[in-house]
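Take a look at the structure set out below.
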Amino acid sequence: MYAQITDAALFSSGQEPDRYEELKNNFDTIFGNRVYLGEGTSVGAVDYTTFIEKAYDIKEEIPGKYDVDVKIPLFNIESEVLEQENERIKGTYVNKLIDIVKNSERHTIYSINYVAYVNNNILSLVIKCTLKDPNNPQRIMIETINYDMDNDKILTLEEIINIKDLKKEEVQNKINSEIKTVAAQMEAISSEEYQFYKRNPDDQMYNIENTKEFFLGESNILYIVYPYGNKDFTSQKDIILY
C-alpha cells in the first residue's frame, strides 16, 4: 500500500522554524519499515513500494542471552550497483545477527528498522541499528544509501546538493553553524553524572565531501545526519535539514 506524502515543507535559513524542529525531534519515529513516495512520484503503473524488500524479519528473545528484533531491507531492483550494496548490507547486519545469536553469553539487545523514500526517481534507504551489550553503552547507528534510478548510481551529498539546485557554500555554512551551536549547548549542560557526546566543530567529518549519511525524505527534504554511534558507543546524533 502506498504512503503518499503531500506536505510541502521548504527549508532554508529562517523558514518554518517550528516545523524544522518538529521534523528533527521526530526523526526516530520515521522508521516504519516501508517505502514512502515524495516529490515527482505518483501511484501508477510503477509500484515503487516493491523496490525495497524486507529480506529478514526476525524477532526472538532468549532471557539472559539476547533480544533481537530486526527488519533488514534489501534493494529489489536489477542492478549490479545495488547487488553490491545488498551484499554489503548482509555482511554488516546479518553477520552481526548471526554472531549475537551464536556467541552472546550475556543479555544483548539488537534491533534494526528502516525507511525508504522515492523523490524524483531518487530512492533513499535509511537503516537504523540499535545495539546494547552489557559491557558498553547503547549505540545507535544510521546508514543511508541514495540511488539514482535514472543513472544507476549511488549519489554523494554534493551530487544531491546539485540536484536540488542548492549552493554548496550555503549548505556548508548551515552545517557549521548548527554544529557549533549544538557543541556549545552540550558543553554547557554536561555534568559529572552525564557527559554528552563532545562535538568538535573543526572536525573534517562535517565537511560536505566527508559527510556519509544523508537522504531525501518527505517532500524532498534533505536530511544531513551525523550519527556518532557509527564510530563510538553513543546514541547521540545531529541532524541538519535543508
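Take the Cα of Asp18, step 7 Å toward its Cβ, do the same at Asn120, and the gap between the two points is 2.9 nm.
Max-minus-min Cα coordinates of the chain on each principal axis give 51, 51, 29 Å, with the largest extent listed first. With a cut-off of 11 Å between beta carbons, the residues surrounding Ala116 carry a summed charge of +1, where Lys and Arg count +1 and Asp and Glu -1. Take the Cβ atoms of Gln138 and Glu209, set R0 to 41 Å, and the FRET efficiency comes out at 0.85.
Just to verify a number: FRET efficiency for Ile189 and Ala55, C-beta to C-beta distance, R0 = 41 Å, to 0.05? In this case the efficiency is close to 0.50. Pairs over the 30 Å Cα-Cα cut-off, from the set Lys90/Lys168; Lys65/Lys128; Lys90/Lys174; Lys54/Lys167: Lys90/Lys168; Lys90/Lys174; Lys54/Lys167. For Tyr36, the residues whose modelled amide H falls within less than 5 Å of its own, excluding neighbours fewer than 5 places apart on the same chain, are Ala116, Tyr117, Val118.
For the pair Lys164 and Ile62, the difference between a 0.36 nm per residue extended length and the Cα-Cα distance amounts to 32.0 nm. The modelled label-to-label distance between Asn95 and Ile109, using points 7 Å beyond Cα along the C-beta direction, is 2.6 nm.
Only the coordinates and a few stated rules stand behind these numbers; no lab work does. Since we're looking at a predicted model, the values are computed, not measured. Positions of Cβ are backbone-derived with ideal geometry, glycine not excepted, and every protein chain shown enters the neighbour counts.
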